[in-house]
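Novice: For reference, the structure I am asking about is given below.
The values are calculated or read from the model by the stated rules, or taken from the named source; none is laboratory data. What you see is a predicted model, and the numbers here were worked out from it, not measured in a lab. Every residue, glycine among them, receives a Cβ derived from its backbone with ideal geometry; neighbour counts consider all protein chains shown. What goes into the accessible areas is simple: the full protein's heavy atoms, side chains included, and nothing from ligands, DNA or RNA. Shrake-Rupley method; radii C 1.70, N 1.55, O 1.52, S 1.80 Å.
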Amino acid sequence: MSHVFPRHSKLNPPTAVAAEGCYLIDSNGKRYLDGSGGAAVSCLGHGDAEVAAAIKAQLDQLAFAHTGFFTSEPAEALADLLIANAPGDLDRVYLVSGGSEATEAAIKLARQYWVEKGEPKRGHLIARKQSYHGNTIGALSAGGNEWRRAQFAPLLLDVSHIDPCYEYRLRHDGESAEDYGLRAANALEEELLRVGPETVMAFMAEPVVGATAGALAPAPGYFKRIREICDKYGVLLILDEVMCGMGRTGTLFACEQDDVTPDIACIAKGLGAGYQPIGAMLCTADIYDTIASGTGFFQHGHTYIGHPTAAAGGLAVVSAILNRGLLARVQEQGDKLHQRLVDRFGQHSHIGDLRGRGLFRGIEIVENRETKAPFDPTRGVAGKIKKAAFEAGLVCYPMSGTIDGRQGDHILLAPPFIINDDQLDELTDKVEQAITAVI
């Protein structure tokens, strides 16, 4: 009998014992193509010798030093590398252990920034429906997925949620993509005026929405207008790139493709590529200097922030992404994956939308392609596709509640950056096999 507290007590998952490249191997020797990188984590694939060597070397030298007393060489080097390649005025890096910690830190930093600037009324956060920012209380409050929030509602913070930029479902007939992007962004200004802009500390969004909406990219001009609105009302812009960042969409930071720069950015997942648990919050020099010239103390922290071994792993991962030409490869293989999906599912009667960027792709599943009507949630389509794909030897990321947290189904694909053409074929074949088996 296992004493592990699993994600789901009614499931009995196989035991993973090995992994190589784009495959995971269980205790029975069955191989699974890692079509989602776990949860968009394993960007370099499995068994990367260079990353493993960097982690082992750091363990031999210094495994851990608490940041209440020390900094460390790998933490300093990783921060330098990230800032050297970060957009805009991002200047400081706060290393944590994962995505929820990064978004939680971002929310608290935004609040402390305004307190130290002498504007304590600014404590309200605006985010978007169908977003996901993590599972800690602050991060879950920011997230806009009702299914994830429902049972914890009495514990959550008061956060406003505007509609997402969801072109497939929310753009009007006859409305251009650009006009829709502008209209969707203007919902932020409407909400600011409703709650009082002088009370708002930040707006938080994923540049490309991951788990809850399936690689949902913004309409043209959307984030440019969002940035203008934030600047107009003095509101901080927090971009959550925990899932879509670190090369996943074809640029190191996903926001680069929308020509927008945040005041605070959050990264994780691909930052450690699964080799170490690590995340980071990045902020501008202005935000950091406000704290530094005030109390000098960010009233936040966790035991393992700035962990030297995790930082060494992250440094090796980011270096690999930048030095091995993997950003260009993500764009190239991402285009190939998209074309395979279009060829296979572009006219499929139960596929409503194919979307995403780079090696971050979403497939929205519908009952009726013409009306965009989703399947009845009681059918559990996404869960059944996940099971069928797994039985076929494919790890992918189907989710339900795409539209409003209850209705809608999608599949999220986020394979390792090293995936080759034959494996793209295998991925597409097994996705089709799973969809056919269920629908």
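Novice: Taking the range 22-38, which residues are farther than 24 Å from G279 by Cα and in contact (Cβ under 8 Å) with a residue 60 or more places away in the chain?
Specialist: K30, R31, Y32, L33
Novice: What residue, among those in the range 413-429 that are within 23 Å of T15 (Cα to Cα) and hydrophobic (A, V, I, L, M, F, W, C), is surrounded by the fewest Cβ atoms within 10 Å (Cβ to Cβ)?
Specialist: Per the stated criteria, the residue is L427.
Novice: Testing I137 on (1) of a type in the set (A, V, I, L, M); (2) open to solvent by less than 20 Å² (accessible area, probe 1.4 Å); (3) within 18 Å of the chain's Cα centre (by Cα), one condition comes back false. Which one is that?
Specialist: All conditions pass for I137, except number (2).
Conditions tested, residue by residue: (1) open to solvent by 20 Å² or more (accessible area, probe 1.4 Å); (2) acidic (D, E); (3) free of Cβ contacts under 8 Å to residues at least 40 places away in the same chain; (4) touching a strand residue (DSSP E or B) at 6+ places or on another chain (Cβ under 9 Å).
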| position | (1), (2), (3), (4) |
| --- | --- |
| N12 | yes, no, yes, no |
| E20 | yes, yes, yes, yes |
| A40 | no, no, no, yes |
| G45 | no, no, no, yes |
| I55 | no, no, no, no |
| D60 | yes, yes, yes, no |
| D80 | yes, yes, yes, yes |
| N85 | yes, no, no, no |
| K108 | yes, no, no, no |
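Novice: Looking at the range 376-400 only, could you name the residues that are touching a residue at least 40 places away in the same chain (Cβ under 8 Å), surrounded by fewer than 22 Cβ atoms within 10 Å (Cβ to Cβ) and part of a loop (DSSP other than H, G, I, E, B)?
Specialist: Residues satisfying the conditions are A392, G393.
Novice: Here's a follow-up. From Y180, Y168, which residue is closer than 28 Å to L413 by Cβ, hydroxyl-bearing (S, T, Y) and touching a residue at least 60 places away in the same chain (Cβ under 8 Å)?
Specialist: Y168
Novice: While we're here: Would you check which residues across the range 236-258 are in a helix (DSSP H, G or I) and either open to solvent by 10 Å² or more (accessible area, probe 1.4 Å) or closer than 13 Å to F417 by Cα (or both) and list them?
Specialist: Selection gives E256, Q257, D258.
Novice: Could you look through the range 401-412, keep only residues that are buried (at least 17 other Cβ atoms within 10 Å of the Cβ) and in contact with a Pro (Cβ under 9 Å, 6 or more places away or on another chain), and pick out the one that is nearest to G37 (Cα to Cα)?
Specialist: Applying the filter and picking the extreme gives L412.
Novice: Another question, if that's okay. Quick check, is D163 within 30 Å of G352 (Cβ to Cβ), under 24 Å from the mean Cα position of the chain (by Cα) and open to solvent by 60 Å² or more (accessible area, probe 1.4 Å)?
Specialist: yes
Novice: Which number in (1) open to solvent by 10 Å² or more (accessible area, probe 1.4 Å); (2) out of contact with any Lys or Arg (no Cβ under 7 Å at 6 or more places or on another chain); (3) touching a residue at least 40 places away in the same chain (Cβ under 8 Å) marks the one condition that F297 misses?
Specialist: With (1) open to solvent by 10 Å² or more (accessible area, probe 1.4 Å); (2) out of contact with any Lys or Arg (no Cβ under 7 Å at 6 or more places or on another chain); (3) touching a residue at least 40 places away in the same chain (Cβ under 8 Å) applied to F297, the lone miss is (3).
Novice: For T284, work out the one condition from (1) buried (at least 24 other Cβ atoms within 10 Å of the Cβ); (2) in contact with an Asp or Glu (Cβ under 6 Å, 6 or more places away or on another chain); (3) hydroxyl-bearing (S, T, Y) it doesn't fulfil.
Specialist: Condition not satisfied by T284: (1).
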